[in-house]
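What follows is one structure encoded as structure tokens, with my remarks underneath.
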Amino acid sequence: MIIAIDGPAASGKGTLAKRLAAHYGLPHLDTGLLYRAVAKRLLDAGLPLDARDHAVAAATTLDVATLDEDALRGRPMGEAASIVAAFPDVRAALLAQQRSFAAQPAGAVLDGRDIGTVICPDAPVKLFVTASAEERARRRTLELVGRGEPADEAAILADIRRRDARDSGRATAPLLPAPDAVILDTTGLTIEEAFQAALQLVESRIAAYNSL
Ligand code: CDP
Ligand code: CDP
């Protein structure tokens, strides 16, 4: 069973992906980490984010199994990731690793921007998780405040809007619900409510798929 989850920044897709993976006992891949890792390699080497050939080389040699989530978290890296993610060659270089993760015997949960459209177009379960930009900025702000870090909600909102525009506007694999994705708007939902709604959608998709 492959569960494909896509959506914009701070929509809650990662939280849902983790909970669904735990519920069904499936491995989970946060594919945003791959793009973040490519961006980090460029930054660590003192290279600009538009150094395409270096970005492709970094993507080609990336190992999903050794990603350091803590080092890749955070706003600046998300922004940097969206810049390297716009290069079609970088996306192509990361495709095989994501597909092979999805092809594990029991199945997998993957979350990102193009899981339902490009990585796993045949996934029986596709969720497109969304929330208003204001709600997403509020969530990111609360996250930072919770960690005792400085948070400027207006700047975070501007950041989210810019990243939405870049991710939705790019020519290759733009952020877009697959035609057969179920849209889940989590604005105003608690994490538990969003999880219950997602669970229902997944269960109904599984039932529909099994009856084919
Ligand atoms: O993975 P993505 O960037 O889409 O979002 P996330 O990291 O799962 O969620 C962003 C933040 O919103 C986290 O701090 C979640 O705890 C919070 N959240 C929430 O408050 N209500 C929800 N329904 C979902 C997430
Ligand atoms: O957690 P959040 O949604 O803030 O970011 P992320 O999922 O870690 O993704 C960071 C950036 O990587 C996104 O803004 C996208 O540009 C890119 N990305 C992508 O293009 N395709 C994916 N499957 C996952 C992420």
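Structure summary
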quantity	calculated
Whole-Å distance, taken between Cα centres, linking segment 1-60 and segment 87-132	10
FRET efficiency, 1/(1 + (r/R0)^6) with R0 41 Å, evaluated for L212 and D44 via beta carbons	0.30
Backbone N within segment 8-46 under 12 Å of label point (7 Å from E153 Cα along the Cβ vector)	none
Amide H within-cut-off set for I2, under 5 Å, with H built and near neighbours excluded	A108, V125
Net length gained if the chain between D164 and R99 were fully extended (0.36 nm per residue, minus Cα distance)	20.9 nm
Rg/Rh for the chain, where both radii come from Cα atoms and Rh is the Kirkwood radius	0.95
Choice from A65, A81, A151 showing the highest fluctuation, given a GNM over the chain with Cα pairs closer than 10 Å	A65
Nearest-0.05 FRET efficiency for D185 and T61, computed from C-beta distance (R0 30 Å)	0.20
Under-5 Å amide H pairs with V129, H placed in peptide plane, nonlocal only	D6, G7, L184
Whole-number percent relative contact order across segment 2-210, with pairs defined as alpha carbons under 8 Å at least 6 apart	33
Segment 2-210 - accessible surface per residue (Å², probe 1.4 Å)	46
Percent accessible area from carbon and sulfur atoms, segment 4-160, protein chains only, probe 1.4 Å	56
Potential lengthening between E143 and S204 on full extension [0.36 nm per residue; Cα-Cα distance subtracted]	18.7 nm
Listed residues A85, A93, A102, most fluctuating in the chain (Gaussian network, C-alpha, under 10 Å)	A93
Helix-only mean residue ellipticity at 222 nm for the chain, each DSSP H run of n ≥ 4 adding -39500 (n - 2.57), per residue, nearest 500	-17000 deg cm²/dmol
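The values are calculated or read from the model by the stated rules, or taken from the named source; none is laboratory data. What you are looking at is a predicted structure, and each value in this text was computed from that prediction instead of being measured. We place every Cβ from the backbone using ideal geometry, glycine too, and count neighbours over all the protein chains shown. SASA here: full protein model, heavy atoms, side chains in, ligands and nucleic acids out. Shrake-Rupley method; radii C 1.70, N 1.55, O 1.52, S 1.80 Å.
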